[in-house]
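The values are calculated or read from the model by the stated rules, or taken from the named source; none is laboratory data. Since we're looking at a predicted model, the values are computed, not measured. Every residue, glycine among them, receives a Cβ derived from its backbone with ideal geometry; neighbour counts consider all protein chains shown.
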Amino acid sequence: MAQTPAAGRVTLAELAAEAEVSLSTISKVLNGRADVSRKTRTKVEALLDGHGYQRRASRSSKSGLLELVFHELESAWALEIIRGVENVAREHGLSVVLTESGTRHSPGPEWVEGVIARRPAGVVLVFADLAHESRRLLESRGIPFAIIDPAGDPAPDVPSVGSANWAGGMMATRHLIDLGHQRIAAITGPEDLMCSLARIDGYRSALNTAGLPFDPALVRYGNFHVDGGRDHALELLAQPDRPTAVFAGSDLQALGVLDAARQLGISVPDELSLVGYDDLQVARWSSPALTTVHQPLIEMAEEAARMVLMLRDGEQPKNTRLDLSTSLVIRQSTAAPPAG
């Protein structure tokens, strides 16, 4: 991938001398070769940017790979996302590469080295955000990307797909209120994720609309997993004036609440109503079957993959930020509160 510097700019040979590396190393960095150390690559990339070198269109558009990156793969939630990306990849004759890296906020720095080497057609990221350096490297290679379920409000030029988390929290809580519950607990995800906060905001709005007090003692921030739901539910249900209903911020947390209720001899839904979130396959097969908020995970993944492939083909999506609607699925885990 040859570069032609504008008049007055240094040549690649001069750049190599400035970076104290060989001309072949400069070429490797420009062409995304993996056999360059991270320290050297970072140094050369900074000099390339500083001198205004713009790479030509990436060869990634001819790649047969679409990369999907998670911070963890061990959940039914991840399987729904994988299914959605695979649906779109199959339509376009692409294979999906799965990568696990980093934390829920952003992939680790080592991940981008592999992407540069693989040169996928594009990348779908299941993270709260993307580090500036990683984003810069992807953009410099012409590798398009989109983020699923970002933590906050991304920049207008960052393609992202989320869902109506506030509305989901609102409708889950309103359903419990309509059944007659007044003391409703909520167990959501990490406090530093926007989706967790939005669901709690929806929960709080439903209480306010119904004229019910918001009690911080009934709110817990967990980890979206079964163990967190169980541990928090054991605390909440041990209170003298225990809640008659729980809104869980994920179906996995709801399964943890069911386990805690079984341990304490509390019947669901006769003594405790429970609403989950996501509408995973497991929600239909739990006992009792779980009332839950349907989050369109497959559709979210499909939309993100389509965004990436549009960008690969030089098209600009009409909207770079999509929030898909949520809906309530009523099953057998909710009922009117016990009399008295």
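Across segment 232-253, the qualifying residues are those that are part of a helix (DSSP H, G or I) and of a type in the set (D, E, K, R), and the one among them that is surrounded by the most Cβ atoms within 10 Å (Cβ to Cβ) is Asp251. Restricting segment 52-91 to residues that are over 21 Å from Leu130 (Cβ atoms) and in contact with a strand residue (DSSP E or B) (Cβ under 7 Å, 6 or more places away or on another chain) leaves a set whose member that is modelled with the highest pLDDT is Glu86.
Tally the residues that are surrounded by 18 or more Cβ atoms within 10 Å (Cβ to Cβ) and in a loop (DSSP other than H, G, I, E, B), restricting the search to segment 121-141. Within segment 121-141, residues that are surrounded by 18 or more Cβ atoms within 10 Å (Cβ to Cβ) and in a loop (DSSP other than H, G, I, E, B) number 5. Report yes if some residue within segment 256-275 is in contact with a Phe, Trp or Tyr (Cβ under 9 Å, 6 or more places away or on another chain) and farther than 19 Å from Met170 by Cβ; otherwise report no. No, every residue in segment 256-275 fails to be in contact with a Phe, Trp or Tyr (Cβ under 9 Å, 6 or more places away or on another chain) and farther than 19 Å from Met170 by Cβ. When you scan segment 9-18, do you find a residue that is within 30 Å of Met300 (Cα to Cα) and either modelled with pLDDT of 75 or more or of a type in the set (D, E, K, R) (or both), even just one? No, segment 9-18 contains no residue that is within 30 Å of Met300 (Cα to Cα) and either modelled with pLDDT of 75 or more or of a type in the set (D, E, K, R) (or both).
Within segment 199-231, if we keep just the residues that are among the small types (Gly, Ala, Ser), assigned to a loop (DSSP other than H, G, I, E, B) and at pLDDT 95 or above, the residue that is farthest from Trp166 (Cα to Cα) turns out to be Gly211.
Residues are listed down the side, and each one gets a yes or a no for (1) touching a His at 6+ places or on another chain (Cβ under 6 Å); (2) in the same structural domain as Ile81 (by TED's automatic domain parsing); (3) free of Cβ contacts under 8 Å to residues at least 24 places away in the same chain:
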| residue | (1), (2), (3) |
| --- | --- |
| Thr244 | yes, no, no |
| Asp251 | no, no, no |
| Leu264 | no, no, no |
| Asp270 | no, no, no |
| Tyr277 | no, no, no |
| Gln281 | no, no, no |
| Thr320 | no, yes, no |
| Arg331 | no, no, no |
| Pro338 | no, no, no |
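Number of residues in segment 205-214 that are touching a residue at least 12 places away in the same chain (Cβ under 8 Å) and surrounded by fewer than 19 Cβ atoms within 10 Å (Cβ to Cβ): the value is 4.
Yes/no per residue for (1) without any contact (Cβ under 8 Å) to a residue 60 or more places away in the chain; (2) under 23 Å from Ala131 (Cβ atoms); (3) among the small types (Gly, Ala, Ser):
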| site | (1), (2), (3) |
| --- | --- |
| Met170 | yes, no, no |
| Asp178 | yes, no, no |
| Thr188 | no, no, no |
| Leu193 | no, yes, no |
| Asp201 | yes, no, no |
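For segment 98-118, a tally of residues being modelled with pLDDT of 85 or more and farther than 25 Å from Phe224 by Cα returns 0. Note on segment 291-306: among residues that are touching an Asp or Glu at 6+ places or on another chain (Cβ under 7 Å) and of a type outside the set (A, V, I, L, M), the one that is surrounded by the fewest Cβ atoms within 10 Å (Cβ to Cβ) is His294.
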